[in-house]
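Read the structure below first, then the notes.
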Amino acid sequence: MTTYLMPARHGVWDHEAALIPRDYLDVVVRAGGTPLLLPPLPEVDPDVLDVLDGLVLSGGGDVDPARYGAQPHPRTGGTSVVRDTAEETLLRAALAADVPVLGVCRGMQVLNVALGGTLVQHLPEVVGHEAHRPAPATFGRTRVRLDADSLLGGLLGDEVEVECYHHQAVGELAADLVPVGRAEDGTVEAVELRGPRFAVGVQWHPEQTAEDLRLFRSLVDAASADIRIEGTRDEHHPAGEPGRRAGPAGGGADVGGEADDAISRASAAHAAWRRVAPADRAWLLRRFAAAVDADVEHLASLEVRNSGHPIGAARWEAGHVRDVLEYYAAAPERLFGRQIPVAGGVDITFQEPLGVVGVIAPWNFPMPIAVWGFAPALAAGNCVLLKPAEVTPLTAIRLGELAREAGLPEDVFQVLPGKGSVVGQRFVDHPLVRKVTFTGSTAVGKQVMAGCAQQVKRVTLELGGKSANIVFADADLEKAAASAPGGVFDNAGQDCCARSRILVQRSVFDRFLELMEPAVTGLRVGDPADPATEMGPLISASHRDKVASFVPDDARVAYRGARRPARGSGSRRRC
């Protein structure tokens, strides 16, 4: 959270201090975040973004008109070249790193100016009134109309009454921004950055309405969805690229009440969805598949940032979602019952949807395993709630958007990012969820099964495995050695069917190791965005450390690799 320099008194001391109203701190804390104050320094190191998950550009004095090529108006005041420069540096670094940004009042103006826009220096001369700043230290109540299809519109509704205190406003809007909210006099009161990133500016002061935390919770949700698990750039992405973050389009259902609300909406939507004619349901699934097909490259690039999968594998996975949807698009018209001859007549059975199905997907293959759950459930006429893994929500959120764009009715397919202990547990416990499909660890799978058994709820589990390659002396050793690394290093070994053990007949053991070494060392490990990369990163720094702990320092190791340095780090670190 940016601050400003002001004269301040503390005890017997009078001095200049970096300040921000406490209201900002309180709402961020109540929204689930931790505020870190950034003073306006003459030189700001943009690498400070390495330890931040979100950025708030706070309110304050006017932006220096020289930054947008204008002479100062007589009413322009409180400018600070140092603060303007510091905040623009932070903003540009945040946008480059996909760090979520919220600009408040002046912060929205900084966002517009930094991206090439201009400001109206004294708004009353344009609109003919001073309702946006009615008197010194007095906020003006302003009614703002929001675009229904905007992020803010989806979050706050079509209209919101806000607390304003500004005499300047957006003049010429920067090309990369979209105006999504206007006051009744036409003043732009809210903007969003084009594209999927969370970069929002509001001309009002949301910290003044402490009872409404939706905007700040949305910011915290977007920051919490950061795939840089422990806050440094190289912990998730081997080349040190910043991770893309999930905005509130998919929400963050970390509160049980939010999950319950989604379940209730899905249950209500099911009454109409189950009555959709099979041919029409098939048509909607084909449209969904077509929407995915048109978005394959985008989904693949998201998956690179989401899970670190190499771009080639990510493209296949996105295409696989399309293929599975196309496959199950044929199912609605083939859900046949049975005619069973019995004494004195015929028994007839019908295939009927269950209702609401909860799909809990893992982080190792976010798209394929999710579609294996939701595609057949939708085809059968069920409403689906998809909970992606906490660290890999991005592609699931995008698939939810594509479903709506394809025409699936509202609440038929919802994506609920959040903690498994909250959202996933509500799938298990809530009586309106009639089936749960879970892919993950055996330990959690046992808990899911036990919970579902309490309600005799249907459950499908795909749990961990441990597979081995077996090489006998009469095998084609060259072929076996060449193919063995691919069996374990696909997806960096994060696969329940990875062949993580190789059992070799003793008489050919040494020869097999000799043949396998060039196959292992020749595997290309690198930036997952590079088409030539065959193996990307592990899912997180903590997981990397866990995997490294499996091999003690004094273990006998046939051959060993080295962890790639983060881009720009200038160092190599121990595997």
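Brief remarks on what is shown
- Note on segment 435-446: residues that are closer than 25 Å to PRO353 by Cα and surrounded by fewer than 19 Cβ atoms within 10 Å (Cβ to Cβ) amount to 1.
- Among the residues of segment 549-563, those that are under 24 Å from SER307 (Cβ atoms) and out of contact with any strand residue (DSSP E or B) (no Cβ under 9 Å at 6 or more places or on another chain) comprise SER549, PHE550, VAL551.
- Unmet criterion (only one of (1) surrounded by fewer than 16 Cβ atoms within 10 Å (Cβ to Cβ); (2) assigned to a loop (DSSP other than H, G, I, E, B); (3) in contact with a helix residue (DSSP H, G or I) (Cβ under 7 Å, 6 or more places away or on another chain)) for ASP411: (1)
Per-residue answers, yes or no, for (1) free of Cβ contacts under 8 Å to residues at least 40 places away in the same chain; (2) in contact with a strand residue (DSSP E or B) (Cβ under 8 Å, 6 or more places away or on another chain); (3) among the aliphatic types (A, V, I, L, M):
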residue: LEU95; (1), (2), (3): no, yes, yes
residue: PRO100; (1), (2), (3): no, yes, no
residue: VAL104; (1), (2), (3): no, yes, yes
residue: VAL110; (1), (2), (3): no, yes, yes
residue: GLY116; (1), (2), (3): no, no, no
residue: GLN121; (1), (2), (3): no, no, no
residue: GLU125; (1), (2), (3): yes, no, no
residue: ARG133; (1), (2), (3): yes, yes, no
residue: PRO136; (1), (2), (3): yes, no, no
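- Meets criteria (among the small types (Gly, Ala, Ser) and more than 20 Å from the chain's Cα centre (by Cα)) for ALA370: no
- Selection within segment 29-52 - acidic (Asp, Glu) and open to solvent by 80 Å² or more (accessible area, probe 1.4 Å): GLU43, ASP45, ASP47
- Applying a threshold of 7 Å to beta carbon distances and a minimum spacing of six or more residues, or different chains, the list of pairs starting in segment 196-212 at a residue that is within 24 Å of LEU302 (Cβ to Cβ) and ending at one that is of a type in the set (Lys, Arg) reads PHE198/ARG245.
- VAL296 falls short on exactly one of the conditions (1) within 30 Å of MET449 (Cβ to Cβ); (2) out of contact with any Ser or Thr (no Cβ under 8 Å at 6 or more places or on another chain), and that condition is (1).
- Options VAL28, VAL44: the member that is among the hydrophobic types (A, V, I, L, M, F, W, C) and within 18 Å of ALA223 (Cβ to Cβ): VAL28
- Within segment 393-402, not a single residue is surrounded by fewer than 21 Cβ atoms within 10 Å (Cβ to Cβ), part of a loop (DSSP other than H, G, I, E, B) and touching a residue at least 40 places away in the same chain (Cβ under 8 Å).
- Given (1) out of contact with any Lys or Arg (no Cβ under 8 Å at 6 or more places or on another chain); (2) surrounded by fewer than 18 Cβ atoms within 10 Å (Cβ to Cβ), number of the condition LEU55 does not satisfy: (2)
- Complete set of residues in segment 153-178 that are without any contact (Cβ under 8 Å) to a residue 60 or more places away in the chain, within 25 Å of the chain's Cα centre (by Cα) and either farther than 13 Å from ALA190 by Cα or open to solvent by less than 60 Å² (accessible area, probe 1.4 Å) (or both): GLY153, LEU156, GLY157, VAL178
- Evaluation of LEU386 against (1) open to solvent by less than 30 Å² (accessible area, probe 1.4 Å); (2) touching a residue at least 40 places away in the same chain (Cβ under 8 Å); (3) under 21 Å from ALA289 (Cα atoms) (one fails), failing number: (2)
- Residue list for segment 86-130, filter: hydroxyl-bearing (Ser, Thr, Tyr) and under 30 Å from the mean Cα position of the chain (by Cα): THR89
- Residue check for ALA86: hydrophobic (A, V, I, L, M, F, W, C), surrounded by fewer than 14 Cβ atoms within 10 Å (Cβ to Cβ) and at negative phi: no
- The set of residues in segment 388-419 that are farther than 17 Å from GLU297 by Cα and under 12 Å from the mean Cα position of the chain (by Cα) comprises PRO388, ALA389, GLU390, VAL391, THR392, PRO393, VAL415, LEU416, PRO417, GLY418.
Residues are listed down the side, and each one gets a yes or a no for (1) in contact with a helix residue (DSSP H, G or I) (Cβ under 8 Å, 6 or more places away or on another chain); (2) among the polar types (S, T, N, Q); (3) open to solvent by less than 10 Å² (accessible area, probe 1.4 Å); (4) free of Cβ contacts under 8 Å to residues at least 40 places away in the same chain:
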residue: HIS309; (1), (2), (3), (4): yes, no, yes, no
residue: TRP316; (1), (2), (3), (4): no, no, no, yes
residue: ALA330; (1), (2), (3), (4): yes, no, no, no
residue: PRO353; (1), (2), (3), (4): yes, no, no, no
residue: GLU390; (1), (2), (3), (4): yes, no, no, yes
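- Of the criteria (1) out of contact with any helix residue (DSSP H, G or I) (no Cβ under 9 Å at 6 or more places or on another chain); (2) touching a residue at least 24 places away in the same chain (Cβ under 8 Å); (3) exposed (fewer than 13 other Cβ atoms within 10 Å of the Cβ); (4) small (Gly, Ala, Ser), which one GLY11 fails: (2)
- Spans of helices (runs of 4 or more DSSP H) in segment 240-315 with at least 3 residues modelled with pLDDT under 95, among the aliphatic types (A, V, I, L, M) and at positive phi: none
The values are calculated or read from the model by the stated rules, or taken from the named source; none is laboratory data. In this text, all values refer to a predicted model and were calculated from it rather than measured experimentally. Heads up, the Cβs are rebuilt from the backbone with ideal geometry, glycines too, and the neighbour counts pull from every protein chain shown. Surface accessibility is based on the protein's heavy atoms, side chains included, excluding ligands, DNA and RNA. Shrake-Rupley method; radii C 1.70, N 1.55, O 1.52, S 1.80 Å.
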